[in-house]
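Taken together, the values in this text are just the output of simple stated rules run on the coordinates, not laboratory data. Everything numeric here is computed off the predicted structure, so don't read it as measured data. FYI the Cβ positions are ideal-geometry reconstructions off the backbone, even for glycines, and counts take in every protein chain you see.
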Amino acid sequence: MSAGTAGWELGERHATAGGVVRWARMGKGEPVVLLHGTPFSSAVWRDIAAALARTHQVYVWDMLGYGQSEMRAGQDVSLAAQQGIFASLLEHWGLDEPTVIAHDFGGAVALRAHLLSGVRYRALALVDPVALAPWGSPFFRLVRDNATVFGQLPAGLHAALVREYVNSASGPGLHPAALGRLVQPWLEGEGQAAFYRQIAQADQRYTDEIEPRYAEIDLPVLVCWGEDDTWIPVAKGEQLADAIPGARLRRIPGAGHLVQEDAPAELTAALVEFLGER
């Protein structure tokens, strides 16, 4: 695939019970797997993936119902479902103990796979993850509780809502090209229904199941957090780093929830340093 360019194509396919998941790999060396959050896709990692691929073999994938992966009515796109798909992907790739870097809901997927599915990692970097209760903004809860109604919005109103919501994840605001890239999957074909489906199936119980077990994590963990994150405040990062034995917190100044877009150089530097320690 071509990374770090205007195009971001995931050329490989992995069939699951819920639909086809798209993925790609680049570079050579020790394996690193990148997980995106919601309502995003692997495209948030495009520049950082290209940088890490200079020294590592990097795997990226779009969760079921996101980005370039299949979207269709009736899909289970919950955290539990993504956890199972992630574990099956690692088996499909033949990766026994990769380093995992996960953002937002991807953090919950990675934590669940490790703690509940017994998936082993060499190391784990969590970037503004959904990991601690309570979570979900008032807007998120409004949409979750009325997903059917929101799903019937006229296309123009839906597009405006999605753009405003995604842009709010950035501290300084997203470049128009980056914003367009991130919202595009939600605006075409099955995208509108899929956008509200993934919110409707978001449930805090999936992190409540694992939160008491964070003290069991016995591997190197780096927690990175945008200091200007208005979706999940940096205080949650401090709390999470305290809950995981030996975890370190790296605060990223000037960055909101989408650290990859707001401070890619600083985040890449933190991740490269962390990988170098391994």
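General remarks:
- Under a 5 Å amide H cut-off, with hydrogens placed 1.01 Å from N, His56 pairs with Lys28 among residues at least 5 apart or on other chains.
- Taking label points 7 Å from Cα along the Cα-to-Cβ direction, Asp96 and Arg213 give a separation of 2.3 nm.
- Between the entries (1) 35, 21, 16; (2) 26, 21, 20; (3) 40, 30, 17, the label attached to semi-axes √(5λ) of the Cα gyration tensor in Å calculated for this structure is (2).
- Mean Cα-pair separation over length for the chain, i.e. relative contact order, pairs under 8 Å, 6 or more apart, %: 18 percent
- Dipole moment magnitude, nearest 20 debye, the chain about Cα centre, only Lys, Arg, Asp, Glu C-beta charged: 380 debye
- Computed about the Cα centre, the dipole magnitude for segment 133-264 is approximately 220 debye when only Lys and Arg (+1) and Asp and Glu (-1) carry charge, each at its Cβ.
- Here segment 3-53 and segment 75-113 have alpha carbon centers that stand 13 Å from each other.
- Structure-based [θ]222 nm, the chain - -39500 (n - 2.57) summed over DSSP H runs of at least 4, per residue, nearest 500: -11000 deg cm²/dmol
- Antiparallel content of DSSP bridges confined to the chain, in %, to 5: 30 percent
- Taking 20 Å as the cut-off, the amide N atoms of segment 7-23 that come nearer than this to a point 7 Å along the Cα-to-beta-carbon line of Gln184 belong to 7-13, 21-23.
- Dipole of the chain, positive direction: furthest Cα of Ala131, Gly254, Ala15, with charges on the beta-carbon: Ala15
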